[in-house]
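Each remark here refers to the structure printed beneath this line.
The values are calculated or read from the model by the stated rules, or taken from the named source; none is laboratory data. None of these values were measured; they are calculated from a predicted model. Note that each Cβ is placed from the backbone with ideal geometry, even for glycine, and that neighbours are counted across all protein chains shown. Only protein heavy atoms, including side chains, enter the accessible area calculation; ligands, DNA and RNA are left aside. Shrake-Rupley method; radii C 1.70, N 1.55, O 1.52, S 1.80 Å.
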Amino acid sequence: MFEIFIPKKRVDTVFEIDLEELYAGGYRGIITDLDNTLVGAKAPLATPELIEWFGKVKQCGFKLVIVSNNNWDRVSAFANPLNIEFVHAAKKPSAAAFRRAMEMMGLAPQETVVVGDQLMTDVFGGNRLDLYTILVLPISVQDEGLGTRINRLLERIVKRRLGKVGLWLEEEKKR
């Protein structure tokens, strides 16, 4: 029952994602969360390292769309200077935002990767559509809103339950 919350891969940061391996596996698009996946929840702009990573994503041949539950002001202020398409107020884990992002990229589920820091929104939402899900560690949990803090509590419950049946090992980040 809880297997729907298991990501296909776990890494510390987006910078550890093997883009060449994903491309060789037939993936052509990346749907990524914004807050605590790409930058801290209160960081308004991309870091130089992240801008370089976006360049690598494009150079490898991927399309990219940011899908965030945050509001238009927050997401557009981050994405527009970088010319990155986005879906704001996504209501993840609702499938609609993931489908919209795939439409924007012109891609099918089997060509699409989802990257995010939350099991309850990013991983669950992506797995429901059979997308390739990658869980990153949250950049900072200090500035998270109430909804995210509730999700983090639910995540701990899910991880414990998965751990009891041997499906979640905390020390095992990469699969």
Relative contact order, percent, the chain [alpha-carbon distance under 8 Å, six or more residues apart]: 31
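At a 10 angstrom cut-off on C-beta neighbours, averaged per residue, how do the peptides 157-165, 119-127, 60-68, 26-34 rank from highest to lowest?
Packing order, densest peptide first, comes out as 119-127, 26-34, 60-68, 157-165.
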Cα point-scatterer Debye curve for the range 93-175, base-10 log of I(q)/I(0) at q = 0.18 Å⁻¹: -0.86
Spacing of the two label points (7 Å from each Cα toward its C-beta) at Ala108 and Gln59, in nm: 3.0
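Averaged per residue, what accessible area in Å² does the chain show with a 1.4 Å probe, protein chains only? Present the calculation step by step, with values, prior to reporting the outcome.
Working: 8930 Å² over 175 residues.
For the chain, the per-residue accessible area is 51 Å².
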Binned Cα-Cα distance frequencies in the range 1-76 - 10 Å width, integer %: 16, 47, 31, 6, 0
Selected from Pro93, Pro44, Pro81 as most flexible by GNM, with the chain as the system and alpha-carbon contacts under 10 Å: Pro81
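Starting from the Kirkwood Rh over alpha-carbon pairs, what translational D in µm² s⁻¹ does the range 1-150 have by Stokes-Einstein at 37 °C and 0.692 mPa s?
D, rounded to a whole number, is 218 µm²/s.
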Whole-percent carbon and sulfur share, accessible surface of the chain, 1.4 Å: 54
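For Thr47 and Ala24, compute 0.36 nm times the residue count separating them, minus their Cα-Cα distance, and round to one decimal in nm.
Details: separation 23, 0.36 × 23 = 8.28 nm, distance 2.76 nm.
Answer, rounded to one decimal: 5.5 nm.
Please give me the summed charge of the neighbours of Val115: other residues whose Cβ is under 13 Å from its Cβ, Lys and Arg +1, Asp and Glu -1.
Values: positive: Lys8, Lys9, Arg10, Lys92; negative: Asp12, Glu16, Asp18, Asp33, Asp35, Asp117, Asp122.
Overall, the nearby charge balance is -3.
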Label point 7 Å beyond Cα of Arg161 along Cβ direction - residues of the range 118-136 with amide nitrogen under 13 Å: 120
Along the chain, longest interval not containing exposed GluC sites (Glu not before Pro), exposed being DSSP loop plus at most 15 other Cβ atoms within 10 Å: 1-169
